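The block underneath contains the structure these notes are about, expressed in structure tokens.
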Amino acid sequence: MFRKSLTLSQKKQLYGLLFVAPLILGLVLLFLLPLIQSFRFSLSTIRLVEGGFAVDYKGWSNYGSLFTTNPDYPRKLTESVVNMVVNVPIIIIFSLFAAVLLNQKFRGRALARAIFFLPVILASAAIANLDISSFVGGSTLSGSSGESGGGMLQSFELKKMLTESGLAPVFVDYITGAVDRIYEIISSSGVQILIFLAGLQSISPALYEASRIEGATGYEIFWKVTFPMMTPLILTNTVYSIIDSFSRNSINALISETAFKSFEFGQSAAMSWVYFAVVTAILGISTAIISRKVFYYD
Amino acid sequence: MKSPAAYADIIQYRFNPLEKSKLWLWKAVRTVMIVGFCFIILFPLFLRLSVAFRSKADIYDPTVLWIPRHFTLDNIKIAMEATQYFPALLNTFLISAGTTIVQLASCALAAYAFARLKFRGSGLLFGLVIFTIVVPPQTIMIPLYLTYRYFDLFGLIKLFTGKSSLNLIDTFWPFLISSATAMGLKNGLYIYIFRQFFRGIPKEIEESAFVDGAGVLRTFYRIMLPNAVPAIVTVVLFSFVWQWNDSYYVSLFLSKVKVLSTQLMDMGSALGKEPDLVYQSMLLNTGVLLLTAPLIILYLFVQRYFVESVERTGIVG
């Protein structure tokens with residue numbers, strides 16, 4: 001009875017397979033099969049019958065009807081795509097800026113960091129759905145009405161100033177829009193600030209020192225050292241922000257509603273596939289654009 | 001011992017008036033900006049807190065700015081009744097804590113395999129894991145619902161019990177099964193974080209454990225896990241908080257079992273008998289505060305640790 005024992009690397013491979021076994025099960029059962037099924041559903045109608053459901057194939061008509069007969073879908077799709085395209089650059093710029101600020105040494109830094117990451121805790125679809133500040137702010141609640149009045153005035157002045165300085169109206173609207181939505185932007189950039197901060201800490205101090213000795217100013221150091229070193233993370237963060245904006249737009253509600261309120265499972269599946277295709281296209285385009293500029297140190 | 005360049009900096013800042021004023025100007029601007037951003041983040045929270053303790057009489061009183069004149073706990077009482085606060089809180093806590101622990105185990109194991117125990121096809125498998133992050137959850141929503149509604153593990157359940165399928169909707173099983181197989185909420189991200197971290201731990205530590213006769217499993221939980229505390233803290237906090245705030249999976253899998261996030265969304269209709277819209281929004285606002293209060297209290301305790309940990313996790317490209 002002689003059995004050859006396994007070598008260490010074989011053993012490791014075996015354990016590796018063992019460790020990912022639950023993941024493989026989950027991938028097949030809860031991801032790949034549903035994905036295929038969902039595609040099949042999008043090509044058919046589904047009837048609930050006793051003890052299960054029946055699927056009748058009907059071709060691409062679900063997709064066709066999305067754009068020809070459905071009143072809400074095209075509008076909401078463009079709306080969420082436009083929101084995504086408008087918000088993601090602002091979020092990236094703001095979170096890089098905030099990370100650079102928080103990375104400097106000043107009194108009360110720990111407190112400031114703790115406050116900046118609070119939105120990670122508070123960000124929630126349930127809360128966003130009933131964001132009270134607009135309702136309460138517009139009503140007689142005096143504490144906030146003064147505040148919102150002040151906010152209005154501020155961006156009005158800013159708008160006037162920017163327009164008079166000769167900036168194109170498109171940019172003026174973009175900037176003032178960003179100022180008006182500052183809370184929304186701050187609250188959705190918590191994780192991005194964390195990622196940038198982790199990246200800033202990993203830049204070697206020797207680089208800063210060398211550029212100081214060469215006589216670079218702080219402004220130059222930011223653009224010639226910090227920014228290039230941050231470009232891989234800008235890519236990561238752009239992808240993350242795009243994915244994150246999935247979870248908070250109105251099209252999700254529409255997809256769920258179609259499935260569980262009007263029980264048109266096929267239609268809903270078609271909606272989500274079109275949405276998925278659009279999102280993948282945006283991800284692909286933005287990754288392609290950014291990765292041409294990305295600088296890898298090693 | 002500082003470097004010469006640092007000393008040069010110090011001398012220049014201290015004795016050159018132009019540099020000195022530039023430095024102070026920057027400090028002032030920075031302080032204003034940081035205070036401003038903190039204010040924007042904290043303002044809604046303070047407003048909610050202030051509104052939650054106001055009585056009905058204070059709503060229409062323009063002289064009440066922040067501190068309520070008629071201090072009352074009625075809002076909280078009504079909001080708690082409308083959301084059935086304590087049972088919902090218990091359910092939410094059970095789901096969040098349960099999935100957090102199970103996810104932690106399954107994600108850490110899988111990530112360790114991806115980082116160190118390479119086998120044939122592990123690269124492809126990791127690619128699939130990244131793919132799960134990219135696919136919007138809505139795409140697989142209906143099949144996932146049907147999977148749990150008519151749960152039948154490759155026909156095994158029919159084989160053993162004779163029943164055609166199990167209905168797992170309105171139980172905690174969908175959450176537990178999803179997290180045990182590392183397919184729960186944002187689990188791909190957790191696997192990614194863990195993998196990055198495990199790759200950063202020096203191979204030598206692991207090898208010396210093998211030389212000393214520890215098996216793979218033992219190396220994992222005696223050597224790798226204690227070294228990965230920052231990653232564990234990050235993942236635990238993220239998964240707990242995101243599960244707590246999640247309303248998407250919860251409303252998909254649970255309709256009779258009440259949890260806080262769905263209760264909050266239904267609160268508007270539960271308050272339907274309240275005629276005053278402003279007062280109703282005030283109650284809703286109290287409900288939001290009740291949902292987030294446990295998280296904020298939790299965050300107060302762990303925030304210092306959390307911020308430090310995340311910096312060291314190196315969630316870097």
(request) Would you mention how many residues in the range A:209-259 are in contact with a Phe, Trp or Tyr (Cβ under 6 Å, 6 or more places away or on another chain) and more than 10 Å from chain B (Cβ to nearest Cβ)? (result) 1
(request) Please find, within the range A:205-256, the residue that is nearest to the chain's Cα centre (by Cα) out of those that are over 28 Å from A:GLU184 (Cα atoms) and among the charged types (D, E, K, R). (result) A:LYS224
(request) Show the residue pairs that are 6+ apart or on different chains and have beta-carbon atoms under 7 Å apart, the first residue being within the range A:64-79 and among the acidic types (Asp, Glu), the second being modelled with pLDDT under 85 and in a helix (DSSP H, G or I). (result) A:ASP72/A:LEU254; A:GLU79/A:SER250
(message) Condition first: at pLDDT 90 or above and out of contact with any Phe, Trp or Tyr (no Cβ under 9 Å at 6 or more places or on another chain). Now tell me which residues in the range B:107-126 satisfy that.
(response) B:LEU124
(request) Search the range A:265-290 for residues being within 10 Å of another protein chain (Cβ to nearest Cβ) and of a type outside the set (A, V, I, L, M, F, W, C), and hand back the single one that is surrounded by the most Cβ atoms within 10 Å (Cβ to Cβ). (result) A:SER272
(request) Give A:LYS224, A:LYS293 a once-over and let me know the one that is free of Cβ contacts under 8 Å to residues at least 40 places away in the same chain, of a type in the set (Lys, Arg) and farther than 30 Å from A:SER44 by Cα. (result) A:LYS224
(request) Only residues that are more than 7 Å from chain B (Cβ to nearest Cβ), of a type outside the set (A, V, I, L, M, F, W, C), part of a helix (DSSP H, G or I) and touching a helix residue (DSSP H, G or I) at 6+ places or on another chain (Cβ under 8 Å): list them for the range A:1-47, please. (result) A:SER42
(message) Of everything in the range B:183-194, what is within 20 Å of B:GLN138 (Cβ to Cβ) and not charged (D, E, K, R)? Give them in sequence order.
(response) B:MET183, B:GLY184, B:LEU185, B:ASN187, B:GLY188, B:LEU189
(request) Could you check B:SER269 against (1) more than 30 Å from B:ILE201 (Cβ to Cβ); (2) modelled with pLDDT under 80; (3) at the interface with chain A (Cβ under 7 Å from one of its Cβ atoms) and say which number it fails? (result) (3)
(message) If a residue must be facing another protein chain (nearest Cβ under 7 Å) and over 30 Å from A:TYR219 (Cα atoms), how many such residues does the range B:22-44 contain?
(response) 2
(request) Mind listing whichever residues of the range A:197-231 are hydroxyl-bearing (Ser, Thr, Tyr), closer than 30 Å to A:ALA114 by Cβ and at pLDDT 85 or above? (result) A:TYR208, A:TYR219, A:THR226, A:THR231
(request) Identify all residues within the range A:269-290 that are touching a residue at least 40 places away in the same chain (Cβ under 8 Å) and under 30 Å from A:ALA54 (Cα atoms); write none if there are none. (result) A:ALA269, A:ALA270, A:MET271, A:SER272, A:TRP273, A:VAL274, A:TYR275, A:VAL278
(message) When the residues of the range B:45-94 are narrowed to those that are farther than 24 Å from B:MET265 by Cα, within 13 Å of chain A (Cβ to nearest Cβ) and not in a loop (DSSP other than H, G, I, E, B), which ends up nearest to the chain's Cα centre (by Cα)?
(response) B:ASP58
(request) Could you tell me which of the residues A:PHE135, A:PHE156 is over 30 Å from B:GLN263 (Cα atoms), at pLDDT below 80 and aromatic (Phe, Trp, Tyr)? (result) A:PHE156
(request) Can you tell me which residue among B:ILE41, B:ILE95, B:ILE34, B:ILE59 is modelled with pLDDT under 85, touching a helix residue (DSSP H, G or I) at 6+ places or on another chain (Cβ under 6 Å) and farther than 17 Å from B:MET282 by Cβ? (result) B:ILE41
(message) So B:THR99 ticks every box in (1) under 20 Å from the mean Cα position of the chain (by Cα); (2) within 9 Å of chain A (Cβ to nearest Cβ) but one. Which box is left unticked?
(response) (2)
(message) Here is a list: B:ILE157, B:ILE140. Which entry is assigned to a helix (DSSP H, G or I), in contact with a strand residue (DSSP E or B) (Cβ under 7 Å, 6 or more places away or on another chain), modelled with pLDDT under 85 and of a type outside the set (D, E, K, R)?
(response) B:ILE157
(request) Filter the range B:212-264 down to the residues that are assigned to a helix (DSSP H, G or I) and free of Cβ contacts under 8 Å to residues at least 12 places away in the same chain, then identify the one that is nearest to the other protein chains (Cβ to nearest Cβ). (result) B:LEU217
(request) Could you please tell me which pairs satisfy a Cβ distance under 7 Å, a separation of 6+ or placement on different chains, a first residue in the range B:56-74 that is exposed (fewer than 14 other Cβ atoms within 10 Å of the Cβ), and a second residue that is of a type in the set (Gly, Ala, Ser)? (result) B:PRO62/A:SER142; B:LEU65/A:SER142; B:LEU65/A:GLY143; B:TRP66/A:GLY143; B:TRP66/B:SER50; B:HIS70/B:SER55; B:HIS70/B:ALA57
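The values are calculated or read from the model by the stated rules, or taken from the named source; none is laboratory data. This one's a predicted model, so the numbers in the text were calculated from it and none came from an experiment. Quick reminder, even Gly has a Cβ in these numbers, built from the backbone with ideal geometry, and neighbours come from all protein chains shown.
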